[in-house]
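The values are calculated or read from the model by the stated rules, or taken from the named source; none is laboratory data. Predicted, not measured: the structure shown is a model, and the values here were computed from it. Positions of Cβ are generated from backbone atoms using ideal geometry, with glycine treated the same way; all protein chains shown enter the neighbour counts.
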Amino acid sequence: MQIEMKIRGLMMDPVTNVPIVILKGAEGNALLPIWVGVYEANAIALEIEKISSPRPMTHDLLRNVLNGLSCSVMKVVVNQLKDDTFYAIIWLEREGRLISIDSRPSDALALALRTDSPIFVEEEVIKTSKAASADKEKSGDEELKRWLENLNDEDLGKYKM
């Protein structure tokens, strides 16, 4: 089952200093942190803040190419968590035909923002992520777990470019 999610915020992991995209259930309290690269976080942050660049960035270019080919992004789905790596699929529609494209979640999220497309996460990914968090807690990473559980509105969006 897929759960619709929204990007709740973008912030830096206080332990590793790596950007994190926080996905939150559109209805309900599902929460999924996804660690992303600096450049991908920058692309997401620019779109969240509605900052336009003088020339198309990579995800803007991809949106423009899809529009030029009469394709629309139906949805993006974070569909797998394997060996601490998230996987995603971008679902396109062209002339009534559905096309699935393998993607990194960060790229799928950046494109979804630019095309106003819905974001979904497979329920199993959320369960697996929670199980992985529980394992990390047992191995001594309790600080990060406490930090994620205690996020408030002022904490979200503190990502600085």
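The table that follows gives values for the structure above.
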item	result
Scan of the range 3-25 for residues that are in a loop (DSSP other than H, G, I, E, B) and in contact (Cβ under 8 Å) with a residue 24 or more places away in the chain, ordered by number	D13, P14, V15
Residue among T85, T16, T58 that is closer than 19 Å to E123 by Cβ and out of contact with any strand residue (DSSP E or B) (no Cβ under 7 Å at 6 or more places or on another chain)	T85
Among the residues listed as V15, V73, V78, the single one being touching a helix residue (DSSP H, G or I) at 6+ places or on another chain (Cβ under 6 Å) and modelled with pLDDT under 95	V15
Answer residue from the range 19-37, given it is surrounded by fewer than 19 Cβ atoms within 10 Å (Cβ to Cβ) and out of contact with any helix residue (DSSP H, G or I) (no Cβ under 8 Å at 6 or more places or on another chain) and is farthest from P118 (Cα to Cα) among those	W35
Lone qualifier among E49, E40 - being within 14 Å of R114 (Cβ to Cβ) and in contact with a Pro (Cβ under 9 Å, 6 or more places away or on another chain)	E40
Among (1) surrounded by fewer than 16 Cβ atoms within 10 Å (Cβ to Cβ); (2) more than 15 Å from the chain's Cα centre (by Cα); (3) not in a loop (DSSP other than H, G, I, E, B) - the single one D60 does not satisfy	(1)
Qualifying residue in the range 34-44 (condition: touching a residue at least 12 places away in the same chain (Cβ under 8 Å), outside any loop (DSSP other than H, G, I, E, B) and under 21 Å from E124 (Cβ atoms))	yes
